[in-house]
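The values are calculated or read from the model by the stated rules, or taken from the named source; none is laboratory data. Owing to the predicted nature of the structure, the values given are computational and were not obtained by experimental measurement. No Cβ is skipped: glycine too gets one built from the backbone with ideal geometry, and neighbour counts run over all protein chains shown.
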Amino acid sequence: MNRLIALCALLVSLLTVTASLAAATSADAAAVRVLGVRSAINPVTASFIKRNLAAAAGRGDRLVLVEMDTPGGLDTAMREIVKDILASPVPVAVHVAPSGARAASAGAIICLAADICAMAPGTTIGAAHPVSLGEKQDKVMEEKVVNDAEAYAEGLANRRGRNAAVARRMVRESLSLPAERALEEKVIDLVAADRAGLLNQLDGRRVARPAGEVILRLAGAPVREAEMTARERVLDVIGNPNVAYVLLMLGFLGLFFELSNPGVILPGVIGGISLILAFFALQTLPVNYAGVLLILLALVLFIAEIKIVSGGMLTVGGVVAMVLGSILLFESPEPYLRVSWQVIAVTVIAVSAFSVFAVTMAVKAHRRKPTTGGEGLLGESGRTLSAMAPEGKVFIHGEYWDAWSDEPIAEGEKVTVVAVEGMRVKVKKAGTGDR
């Protein structure tokens, strides 16, 4: 019996070790690395793809699959991604998916650069006409930019054996194609509804590489989904124009509160951090610095209202400057590079309301009668503790004071303070005029 138990225990141990070794082997096996790009192309996207292409090369992965749904993005980030894809020793496939997704503008150019480009039914690709950021360009400069982008797309299409004429039209005419037509025009390589179907079609496919032709062996290969690091996720979020705008306004609001109430510290710290994050985000967005200056002017006007009471004129000017600055802050014809009107409206109303409230409280505080020191006693009432002839003792505001009066006042009479001199107060009978 004991031998049977020992034998069973040995078998269980062997099975456990075998399963562990199999799991470890599977984890270390060459895999298909999947990257999700589901927002605007920005420097964080470029960093994410670059890091994973390097990791895939280091592990000897069989394929890097980029699942894309993007409205486009920054030209500089797009070109960095293209360079990394072209230099990658691991084949790179881009799949525009799921149905309803798109690879527009910068996303379309990245698709042209990939070794394999696939689309799910119901997706689109194209509309790659370059968009200028910031100040409007003249016609000559705009034509130069378009020509450069057109040649860039044509070169990538020729390198991957795709339809260069259609690639040029995607840039020049903002041509956009559905999946089926893109396949007919030889802009993409295949149509696949989902990841499993795509990998099944790619298994055994020959891919031309700089070092020679490679045959994709994907059957049974583990699939690993790569995630952004915490740092990349944070930077990706603040790169959104709506978030960048809110951070900018929060930063100015924190500084305003700190300057109007020195010593509170916390609003100043939050405001400073928000401004630093906002200025990082502004580097990747089409910023009109006239808008930034108008918002800064609004901050100055709000602070000036506290120092120089203008009857609300400076506050009104600050609100107007803030509204105009918010409207002018981002200049781009692309919706994903602009702040939504809803965010502008809610933020301006909230910040303006808070600023008006803070200014109102500050003005009231300036106009309020002092409650401490000698001036705080003027007009206060009390009673005499001894007869005033003309000097005596009075009890005022919970304190005992030496007092004098220009008229005799009996003990226990109610009196009012009319003057303060050092540690003495001058009083008169309550309800009588000054003498």
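Observations on the structure shown:
- Considering the stretch 229-261, and only residues there that are in a loop (DSSP other than H, G, I, E, B) and out of contact with any Ser or Thr (no Cβ under 9 Å at 6 or more places or on another chain), the residue that is farthest from Leu277 (Cα to Cα) turns out to be Asn261.
- Residue satisfying all of: in the stretch 380-421; of a type in the set (Ser, Thr, Tyr) and part of a loop (DSSP other than H, G, I, E, B); surrounded by the most Cβ atoms within 10 Å (Cβ to Cβ) among these: Ser405
Every residue, every condition in (1) touching a helix residue (DSSP H, G or I) at 6+ places or on another chain (Cβ under 8 Å); (2) of a type in the set (A, V, I, L, M, F, W, C); (3) under 17 Å from Leu337 (Cβ atoms); (4) assigned to a helix (DSSP H, G or I), yes or no:
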position	(1), (2), (3), (4)
Ile49	yes, yes, no, yes
Leu65	yes, yes, no, no
Glu80	yes, no, no, yes
Asp84	yes, no, no, yes
Val94	yes, yes, no, no
Gly100	no, no, no, no
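- Filter result (assigned to a loop (DSSP other than H, G, I, E, B), of a type in the set (Ser, Thr, Tyr) and at pLDDT below 75) within the stretch 329-367: Ser332
- Test result for Phe330, touching a residue at least 60 places away in the same chain (Cβ under 8 Å) and surrounded by 21 or more Cβ atoms within 10 Å (Cβ to Cβ): yes
- Test: residue in the stretch 270-283 that is touching a Pro at 6+ places or on another chain (Cβ under 9 Å), assigned by TED's automatic domain parsing to the domain that holds Thr45 and not in a helix (DSSP H, G or I): no
- Just one of (1) without any contact (Cβ under 8 Å) to a residue 60 or more places away in the chain; (2) more than 33 Å from the chain's Cα centre (by Cα) fails for Ala153. It is (2).
- Per the conditions (1) in contact (Cβ under 8 Å) with a residue 40 or more places away in the chain; (2) surrounded by fewer than 18 Cβ atoms within 10 Å (Cβ to Cβ); (3) more than 30 Å from Ala118 (Cβ to Cβ), the sole criterion not satisfied by Leu266 is (1).
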